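Structure first, then comments.
The values are calculated or read from the model by the stated rules, or taken from the named source; none is laboratory data. Note that the structure is predicted; figures quoted are calculated from it, not measured. Backbone-built Cβ (ideal geometry, glycine too); neighbour counts: all protein chains shown. What goes into the accessible areas is simple: the full protein's heavy atoms, side chains included, and nothing from ligands, DNA or RNA. Shrake-Rupley method; radii C 1.70, N 1.55, O 1.52, S 1.80 Å.
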Amino acid sequence: MQLPRTTIQTPTGLSFDIPDLLLVRAWADFHNLRMEIELDIAAGGDEYEELLNLSSRGSERRRWMIWRSRDGIVVQPMMGRKMMFDVMADALEVLIPVED
């Protein structure tokens with residue numbers, strides 16, 4: 001009896017390295033932002049092992065979502081296009097928040 005072949009689809013978002021998570025947490029604290037980590041998320045037909053959400057403290061509105069793909073760090077602002085970076089430090093350099 002031959003078993004059916006199955007393919008395992010790589011998630012859109014992969015988990016982050018611990019140093020990257022620590023860097024984002026320190027950056028968020030410095031800029032008075034809240035960082036949330038969501039695990040095993042499915043949205044819009046995509047799966048994410050880990051998704052970072054950055055928002056202003058005291059606000060439920062997300063400012064940025066960040067995930068790691070096979071190609072690099074992806075930043076999705078709530079308004080605007082996705083941006084791709086090779087390393088987390090480059091992504092954070094672009095995201096200096098403007099006061100609401």
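With Cα atoms as the point set, the chain shows a radius of gyration and Dmax of 15.5, 64 Å. Shown in residue order for the range 52-65 are the 3J(HN,Hα) couplings computed by the Karplus curve 6.51 cos²θ - 1.76 cosθ + 1.60 at θ = phi - 60°: 9, 10, 10, 9, 5, 4, x, 10, 8, 6, 6, 9, 9, 10 Hz (x for Gly and Pro). Model label points for Ala26 and Arg70, set 7 angstrom from Cα along the Cα-to-Cβ axis, are 3.2 nm apart. Applying a DSSP loop filter and a limit of 10 other Cβ atoms within 10 Å to the GluC sites (Glu not before Pro) in the range 35-100 leaves Glu60, Glu99.
Restriction of the trypsin sites (Lys or Arg not before Pro) in the range 5-100 to DSSP coil positions whose beta-carbon has at most 14 other beta-carbons within 10 angstrom yields Arg5, Arg57, Arg61, Arg70, Arg81, Lys82. Once C-alpha pairs closer than 8 Å and six or more residues apart are averaged by separation and normalised to the residue number of the range 55-95, the relative contact order reads 25 percent.
How would the range 20-71 be classified by its alpha-carbon gyration tensor: rounded, prolate or oblate, with rounded meaning a/c under 1.5 and the a/b versus b/c comparison settling the rest? Oblate, because a/c is 1.5 or more while a/b does not exceed b/c. Each residue, Ser15 and Ser59, gets one label point 7 Å from its Cα in the Cβ direction; the gap between the two is 3.1 nm. Since only Leu21, Gly72, Ile41 are under comparison, the one whose Cα sits farthest along the positive direction of the charge dipole of the chain, derived from C-beta charges on Lys, Arg, Asp and Glu, is Ile41.
Estimated from helices alone, the mean residue ellipticity of the chain at 222 nm is -6000 deg cm²/dmol (sum of -39500 (n - 2.57) over DSSP H runs with n ≥ 4, per residue).
Output the 0 to 90 degree angle, nearest 10, between the alpha-carbon long axis of helix 18-30 and the longest principal axis computed from the alpha carbons of the chain. Helix 18-30 sits roughly 30 degrees off the main axis of the chain. Here the chain carries DSSP beta bridges of which approximately 95% are antiparallel, counting only pairs with both residues inside.
When only Cα pairs below 8 angstrom with a gap of at least 6 residues are kept, the chain shows a relative contact order of 22 percent. Taking only protein heavy atoms and a 1.4 Å probe, the accessible area of the chain is 51% carbon and sulfur.
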